[in-house]
1. At a threshold of 8 angstrom on Cα-Cα distance, excluding pairs fewer than six apart, so keeping six or more, what relative contact order does the range 148-252 reach in percent?
2. When the chain is fully extended, how far beyond the present Cα-Cα distance does D20 get from D175, taking 0.36 nm per residue of separation?
3. According to a simple spin-label model (label point 7 Å from Cα along Cα-to-Cβ), what is the distance in nm between K128 and R89?
4. FRET efficiency for K148 and E51, Cβ-Cβ distance as r, R0 = 25 Å, nearest 0.05?
5. Give me the percent relative contact order of the range 146-202, please, defined on Cα pairs under 8 angstrom at least 6 residues apart.
6. Between T112 and R232, what is the FRET efficiency for a Förster distance of 35 Å, r being their Cβ-Cβ separation, to the nearest 0.05?
7. Need one number: nm distance between label points at D163 and E239, each 7 Å from Cα along Cα→Cβ, rounded to one decimal.
8. How large is log10 I(q)/I(0) at q = 0.16, 0.17 Å⁻¹ when the Debye formula is applied to the Cα atoms of the range 50-114, each weighted equally and without solvent?
Amino acid sequence: MAKKNLTPYLNPQFGAAVKDFGLSFLKTQSINHRGSKGTAREGVLGDFFREQLPGRYSVTEGEVVDLLGNPSPQLDLMFYDASVDFPFRAEGADILAAEALLSSIEVKSKLTKAEIEKSVIAARKLRKLKPFGRPLAGNDVSAEETSKKAARYFHCLFAYETDLAASNWLKNEADRLTSACGSEHALDMVYVLDRGLIHVDHAIGRLEDSDGGAITNFYFSILNFIQREAGRRDGTPFERYTQPAKNVWIKV
């Protein structure tokens, strides 16, 4: 009897499809906007996720606000479960409730020491939000959490290029990311186009390859997180966002 494949990845057709997944992004003509500013820079990546995400999830740009009125920094890409949540529109920008945000990405034209430091400051502000009125849960995104009101965020950086040389890039980039973050849980993953992917908190990384393996890994890491987090988290308490500070209800 022939031995069956233990994983569908061993199927040549499935393997080829996985390779084409990352390449579909790397080959896009719009990638020529890699050094430009403004919406074109974020739009290329946003379009990629919008096309690839399961229909249940959506992505937009804007900011997040918690029940205490604390705002996040401006976020280039915000992921949320569109089957139960939606952004509010104010002055042309999208605003998500803190309980709705699952993951986020800040997009950089070029990764430098100064830009990393700015991103870490912004990440600290993001992680001070209190969904459900509580501090964010632990920094290990795979840890089991029993409370449905203990939310976690998966926050990443995407850069079109870096100012570091290609020689020994992975180690050098990881070192300066670790130096900027210190012992704090600020950034989860950092992907640099044509260079590779770094999981900051776990101190591991992988170089990009000719099959787009690193960008594929980046995408599925985000997807895996938002699916697990959406499945275990309680619903957004929209009614609490509509309650005024003083009770205005009248018995009738």
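1. Values: 103 pairs, mean separation 27.1, N = 105.
Rounded, it is 26 percent for the range 148-252.
2. Working: separation 155, 0.36 × 155 = 55.80 nm, distance 3.11 nm.
Gain on extension, D20 to D175, equals 52.7 nm.
3. 3.1
4. Values: r = 31 Å, r/R0 = 1.23.
So, using R0 = 25 Å, E works out to roughly 0.25.
5. Numbers: 58 pairs, mean separation 23.7, N = 57.
Relative contact order of the range 146-202: 42 percent.
6. Details: r = 37 Å, r/R0 = 1.05.
E between T112 and R232, to the nearest 0.05, is 0.45.
7. With each label point 7 Å from Cα toward Cβ, the separation is 5.2 nm.
8. -0.55, -0.61
The values are calculated or read from the model by the stated rules, or taken from the named source; none is laboratory data. These figures come from a predicted structure and were not determined experimentally. Reconstructed Cβ throughout: ideal geometry from the backbone, glycine too, with neighbour counts over all protein chains shown. To get the accessible areas, we keep the full protein, side chains included, count just its heavy atoms, and leave off ligands, DNA and RNA. Shrake-Rupley method; radii C 1.70, N 1.55, O 1.52, S 1.80 Å.
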